[in-house]
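Working notes for the structure below.
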């Protein structure tokens, strides 16, 4: 019984989330929407047909249904709350007319959302057979679907991590934040961000992403190359807590796959602020951490490094020592025992306190959310200065084309020092490929029929016409160090 519930929840968590940002260049969309709208009118029998209002929102709905149909379960998540919809999307049109009519026609079925204690689940709709058949007759390819840069890219949560309406008092500052984030997103909109993987490897990656998403529902459950825009999420009803950038697909893939990211047709390099929260805490005191390795010291040897690192991150984010220990036990950090000379979680913490004495008072204080705000402000400054070159953030690290590596390192150092008064510790991660991988990548690039080459050539034609006028071809070898 428990397994069955788990499978149901897993399917629900893999639903496509309705997005008003889906777009297409296909000329098939408008006549399809006109045809479907007439079917809806036949069923709903409105007093007055309002095509001017109904048609654009039906086009967006069709694109979302096509996106949802990528998954065999055909589920789509959307809100049935009127307060959720602002701007181009109207609750009365999208939900009350389009969705509810499709449900009445039995082209969609409704799985109602619920709130039970801390557990909140938004409603889903499931695509039923008549709608599956209708969508199939459109002969729409998933490659014809794209996204535009979102108009809203700031989310505010309360202390219980529930999304809340932005208060009037904060709206001017939110607008300024969104203006800066939109500058970054507009550059990502024009950028080609892909992976040097063949079809079989993409299938394997999707399986790994689904497994990871089962553990963390905030992770993408499959690779969606159109999900390349950033959103800042702030916590505790404050614009000075949290604020990190989320939602981009490259933040959900395994870290080892990030070296295979292709940016505007080139290979990439990744650089990070090593142990940024430890550095930021010492920077509060205008100091550098004296330890060569922030997570290896005293009785905590190298074989316990990953546990020590995780425990320190828990300590930085926990509101008390007691809650930190509970979180560590819940995560079974000590399931394989303790380091020599340590016999309890408390003794483990004492060893950390001993070797990080200057910043001890920050542990168990809930300070992590303030550190996230600081590192997100640094990240924003780095990405804005890298424009017009695209720069992909993974919280405290950045991915750029290999030719932009030196520039990125300089900017990262300058922005960290500008924000803290101390120098940074930049850790470049150069691309290293074995011969087998090089052979696969070479094949993807040279094969004009590969899905990678097809996507790259489509992007170059659409967004980079000057590239061809300057003499380039779709078979040019990417830049590689």
Within the chain, helix-based [θ] at 222 nm, where runs of 4 or more DSSP H residues each add -39,500 (n - 2.57), nearest 500: -13500 deg cm²/dmol
Mean Cβ count within 10 Å, highest first, over the residues of peptides 379-391, 193-205, 27-39: 379-391, 193-205, 27-39
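Label the range 278-373 by shape, choosing from rounded, prolate and oblate, from the square roots a ≥ b ≥ c of the eigenvalues of the Cα gyration tensor; if a/c is under 1.5 it is rounded, and otherwise prolate applies when a/b is larger than b/c, oblate when it is not.
oblate
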Distance in nm between pseudo-label sites at residue 288 and residue 414 (7 Å out along the Cβ direction from Cα): 2.1 nm
C-alpha long axis of helix 51-68 to longest principal axis of the chain, angle in °: 50 degrees
Packing-based order for 154-164, 14-24, 247-257, using average beta carbon neighbours within 10 Å, highest first: 14-24, 247-257, 154-164
Prolate/oblate/rounded call for the range 120-179, Cα gyration tensor, a/c under 1.5 rounded: oblate
Packing rank of 413-419, 61-67, where each peptide gets the mean count of other beta carbons within 10 Å, highest leading: 61-67, 413-419
Net lengthening on full extension, residue 302/residue 25 (0.36 nm per residue, minus Cα-Cα): 94.4 nm
Ranked list, fewest to most other Cβ atoms within 10 Å of each Cβ, for 455, 147: 455, 147
Cα gyration tensor of the chain - equivalent ellipsoid semi-axes, whole Å, descending: 41, 29, 22
Gyration tensor verdict on the range 2-148 (Cα atoms; rounded if a/c is under 1.5, prolate if a/b is larger than b/c, oblate otherwise): prolate
Sorted by Cβ neighbour density within 10 Å, fewest at the top, the residues 373, 273: 373, 273
Using alpha-carbon coordinates, inclination of helix 305-317 to the longest axis of the chain, degrees: 70 degrees
Rel. contact order, % - alpha carbon contacts under 8 angstrom, at least six apart, the chain: 14 percent
Nearest-ten-degree value, helix 405-420 long axis tilted from longest Cα axis of the chain: 70 degrees
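Any read-out appearing in this document is the output of simple, stated calculations on the displayed coordinates, not a laboratory observation. Owing to the predicted nature of the structure, the values given are computational and were not obtained by experimental measurement. Every residue, glycine as well, gets a Cβ built from its backbone with ideal geometry; the counts of neighbours run over all protein chains shown.
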